[in-house]
Structures are given as structure tokens and as C-alpha cells.
């Protein structure tokens, strides 16, 4: 996600970096391109206009400081302005002092309310909460069935009243059930509605009044264009909400809506939804997202995931091995299995910084299937072979390829790759120990 | 028909209409005028690329024809827009033979609802119609289509949730042949165009449909939400690359979104637009007419 925008901005920046010092014309030219990139990313027209003015104000007359070149300073300014546009701080989800905490999800048709309700329930269950889902969408055919079936899959409580046509009463009754049965969180899924449909907006106001939710979330499709701001402003003015859930960010949406809504409504983005799976809802970190847009990669998220998946002691031992050039194919296998714990390869790679000049398809060869094949090959080796691949001769190679369902060529390729990787790792570990990059969780990063 | 479309669009696109009439209501053609035009087009989601193209073309014409008056420019503007969104296309539904329409699109664009509206239209015009629940992924998607089947009194072919969608389509076409059905409407699961595996699944559905029918009977239609921004271009491109699109249907034009993404898409891809959805009622699904569309926006 955001990839297109970040690639564009990086191209602009790398052009900028080529200049030792900048004159006004060069800054102007770069900002013109920044403007185009933002507009193409669906950032609201007015937001772009204000942003460019702000950046220009700050960028004109930047001087070379000891640590930064003018180009770097301009990049820093753009970064800072983008971060402040998305909100400086991560706004954590809060709970009411007296249970149950009530969340209500609202939004246009098709923005992903019902799916987000289930994902939020999953997220909260993992936090140790015991949520109850209320199906208050009485209009869309089978919307109630959808939420009921999702709640069964999740194993969480569910409330609906198929006979009622009053969603305020349904919601109230749902909360009553939650209170008596000890659910500490209630999530109310409401019908999709157009922000200009007064009748439907009145209805949701009634629901809100009846249940006074602790937090109301507006669910917004990340692929929304310039209208995102109109929608959010209308929902804020007519109903008011506390934060946003941004859905469908796992595609190639550049997410300009995310930037714009926060800038115009002042409402923070609380969660982003990144996939088909139930566990694809993540807390939104504005600074990380801005870094990601600027192509610095979401290294913080990656490190956090790595910390969860990787045993620190094992990692330290591994690092030692690498430094001493004792890294074996067996260690390689263990590493791969750890990476797999962090999520799908695509997800992990998506979080890494993209270097300007790196070919677009540089990482294309690394896919799940490829990794499975490598795993199979290594697993078909004896321990001795894993520790000392040099002993692998023709007949051993044939045995390994047969055992793993691959060809001798594949085995050869892996061995060659491994030797190359080892060389690279040597360089990397030399570099990192010199540069003192701080706490290192795994040699892989 | 025209007046209904106009009313629909007038209601929906109030912002854009008043902006454009404002733009053409007088004054001189200067830097501010062009900037204003650019702003209006970008805010309608027409996108920076198509917008620059339109503005540059008009600037050139204004210079060549020595146009000083903004009123005169209005006609040129209209023609330019019409030129971009006009795509020659053959009939999408053929009479006296089986038609299979596969509806595809990203999640939440309104595929199922649009299928219900189309079914209503086809049934009204005397076509024997069959609905196919090939969204076997989303919870209660099958139930949703079944509910529509009940309301419209039309048969729905379905399997279990989690089943192979291509198999449902296979069965449905078999049933359609046996019963002399005119139109088979296939509801597929919403999927992001970047999800390679799910796009492969659609290709398989199409392969099966082509194998079970005669040449030209299968049409693949992309459903797109009018609130979609520039990502719509990627959606159209990737679905087109994977499946070869025969048409686009633009939904939810009854909000405040202008649906200008259509202009950007047509500028690049030239895929005919079949219907536009401008309201909840089945009659609010209307055949797209470029000239009327632009006129309704401008008048």
C-alpha cells in the first residue's frame, strides 16, 4: 500500500539529492512534482494546496547545516508535514470505566462495516475482552446472517432481532443482553447509508442517542477519491464520530483519503484493515505510515513483529554464528521458519524500505512457493550436509533432489545462493558492527 | 429518460454543476480560469492526467480559434468530455441465445445489488433470467442473493459456502441450457485486483463459462463504485488484463461523488460503460449515454 506514492516521491527526492545546493527554481520544480504525486494518490485538492504552501514557506531559504544538505532538509520538511497531516500521535483505543464499552461502526454502503466489526471483535478478543456483536443493519438482505456467521466463526457473542425494524431498539436490547451476560465490549454494526440521505442520517442519530456509544468509528474505503473529505465532514457534522477505520488498504490504493480526512476533520485514524483474513486489522501509527509513504519502510512494525516471532536468545546465537562465519543451511532453515511466523512474505517485504534505484521486481523472486521449495531441499539433506554443504557431490545431490521433489539444478542454485548470502552477511555484519546500529534483533535485518 | 438522468445527476452532482456553470458564467480566460477548471476536474476524480489533457487541449483550441469569451469555450469543453467517454461498442446482450454475464469488482462496490437491479430489468423486458451465487467466500453472500431471488421471483443456483465458484457456474450454465434461459447473471466474490490468487479464480470461472457456451455469449463486467478515486484506473487495468472486460457499471452516483473516474478510465482504456446506478430503485439503474451524461452535468 502507498507504494506508488512512495516510489514517486523517492524519485523526486533522488533527483533533488543530486544537487549539492538548491535554488528556488529547483525547490519549486520538486514541489510541483510532489503536488502531482499527492493528487494522483487522491489526497484532497485543498489539502494538497495548503500542504504545498506550507512546505514552500519552510523550504525556501533553507541553508546547509552541518548534518543535512538542502535536499535532505527539504525531504525532512515534507516528511514532517506529512506526519503532522496524519496526526502526530497514535491514538490508542480506550475502554469505559464501567462495562460494557460500546463501539458503533458507521459508514457508506460497501465501506466494510460488517467485516470490520468482526475484525475488531477478533482484535479485542485477543486483548482478553469478551465482545458481543449487535446486528443493527436491518436493510441489506442477509446482513444479519453475515454477522451471525462471522461471530460463530470467531466464537463471540451475537445479538439480533429479526422481527424488529427499529435499529435503536435492537441496539439497546443488545447492550442489555451484554450487561446481563457479562460481555465487557459491545460492537454495533449499522446499515450503510449515504451521508446526504437525511432520513437515514436521522435514524443513525437516534441509535447513537439511544445507546451513547463510547466510541463511534467511521469506516472508510481506502480507495475513495476526492469525495472522502465530503463524506467524513458530513458524518462529523451530522452525527460526530471519534475515529476512522480505513479498509481495503491491502491493494494498491495510495490512501490519500487517509491523509485528507485527518487533515480536514481532525479525527484520527484508529485502525487500518489490510486483508481478507480476520486478523488483518492493525492499529494505525501515523509516523510509521508517513515514513512508509516516503519510502523509509515500516521498519518499526517489522521490528515489533520480529520481536514477537523471534526468540531473542536464538537470534543472538545466530548473530554470533554469522559473525564467525559458522552460519549453516540448518540455521538458514530455522531463520526461514521464523520469518514465516511474522506473516506472509508479501506482508513482510511490504514493510521493508524500498531503495531508490532498486529494480521494481527485485523481490519478485521471493515468494511463498519458492520458500517452500528451499525448505524441502534443506530438509532432504542430512545434518552433516546442512553443516558442511561442501561435501554434497553428484550422488548426494541426486538424492536430495529426489527427496525434495526438485531437480539437481534447483539444489545447485540453492547452494550457490547460500554461498552468496553468506558473503553478503559477512559484509553486512562488518558494516553493522562498525556503524553501531543499535539493538539488533536478528541478523536478517 | 434524459430528464430522469438529468434529475438524478442534478440531485447528485449539485456541487459540480454549480461549479461548472460558475466557471463558464463569464469573465475572461486567464490563468485563474484555467486553474479553476483544473481544480473542478480534479475534485471530480477525473485525475491529474486526464485533467491536464483536457485543459491543454482546450487551451490550444482557445488559442487557435482566438476564443476570448468563456461562454464559447463551454461547447468545446462539452465536446472534449464527450469525445473521451464515448466508446463504440456492440450489443452486450444478444437476443435469442444464452448470455452469461460475469460480474466482477473489488469488495463493497455493489455487485449483488446491481445484479438484482439488472435481473429486474431483464425480467421486465421478458428475458428468462437466472442468478448464480458464485461468491462462495463472504459470509452470507449466498443468502443475500437468495433473498433477492425470492423478492424478484427468479431462480438462484447455489452451492455450499466455501465451494468452488467455477463449479457453481458450470452447474448454472447446464441448467440454463436445459431450461432455455436467456440471461445468466453471475455474482462473484469481491476481490482486490492486486490479489493474484483470487484473480486466477476469476479466470477459471471465465474459462468454464466460455467452455460451456458458444462464442461471444460470455460478457465480463466490472462494477465500480462512483466514489472510487484514482485507484479505479488500476482496478480497471488489472481486471481488464486478467479477464478482458466487456463493460463497466458505475454504481452509487446518488452520493456526492462525481464519478469522474470514468473519464480517466475511458481516456486510457476505452471500455464501454453499460449502466450507471443513480438510486436505490431498480429503475435507477440506467443505460449510460455519454452525451446525456455530459449534458446532464453541464446544464
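What to note about this one:
- With a 10 Å cut-off around each Cβ of B:246-255, the average count of Cβ atoms from other chains is 2.
- Taking the fewest neighbouring Cβ atoms within 10 Å as the starting point, the ordered list for A:119, A:15 is A:15, A:119.
- Most tightly packed first, judged by the mean number of other beta-carbon atoms within 10 Å of their residues, the peptides A:40-51, A:410-421, B:218-229, A:93-104 read B:218-229, A:40-51, A:93-104, A:410-421.
- Per residue of A:140-151, other chain Cβ atoms within 10 Å of the residue Cβ number 5 on average.
- Rounded, prolate or oblate (a/c below 1.5 giving rounded, otherwise prolate when a/b exceeds b/c) for region A:78-124 by Cα gyration tensor: oblate
- Considered as an equivalent ellipsoid built on the Cα gyration tensor, region B:55-199 has semi-axes of 42, 19, 14 Å, the largest given first.
- Peptides ranked, highest mean first, by Cβ atoms within 10 Å: ranges A:31-39, B:157-165: A:31-39, B:157-165
- The listed peptides B:289-295, A:388-394, B:140-146, ordered by packing as a protection proxy, come out as B:140-146, B:289-295, A:388-394 (highest mean of other Cβ atoms within 10 Å first).
- Using the rule -39500 (n - 2.57) for each DSSP H run of four or more residues, divided by the residues of chain B, the 222 nm mean residue ellipticity is -16500 deg cm²/dmol.
- For the residues of A:38-47, the average number of beta carbons from a partner chain within 10 Å of their own beta carbon is 4.
- Estimated FRET transfer efficiency when R0 is 51 angstrom, pair residue A:238-residue B:57 (beta carbons, to 0.05): 0.80
- Mean separation of Cα contacts under 8 Å, 6 or more apart, over the residue count of chain B: relative contact order %: 27 percent
- Normalised radius of gyration (Cα atoms, divided by 2.2 N^0.38 Å) for region A:93-162: 1.09.
- A Förster radius of 35 Å combined with the Cβ-Cβ distance from residue A:421 to residue B:196 puts the calculated FRET efficiency at roughly 0.85.
- Rounded if a/c under 1.5, otherwise prolate or oblate - chain B, Cα gyration tensor axes: prolate
- Approximate shape of region B:195-299 as ellipsoid semi-axes (Cα gyration tensor, √5λ), whole Å, largest first: 26, 16, 13
- Shown for B:103, A:223, A:200: other C-beta atoms within 10 Å of each C-beta, ranked fewest to most, produce the order A:200, B:103, A:223.
- Taking the DSSP bridge list for region A:101-293 and keeping only pairs wholly inside it, about 10 percent are antiparallel.
- Alpha-carbon centroids, region B:133-209 and region B:239-299: separation in whole Å: 24 Å
- Averaging the sequence gap over all C-alpha pairs within less than 8 Å and six or more residues apart, then dividing by the number of residues, gives region B:99-245 a relative contact order of 37 percent.
All of the numbers you see were taken from the coordinates with simple rules; none came from a lab. Predicted model, so just to flag it, every value in this text is computed and none were measured. Note that each Cβ is placed from the backbone with ideal geometry, even for glycine, and that neighbours are counted across all protein chains shown.
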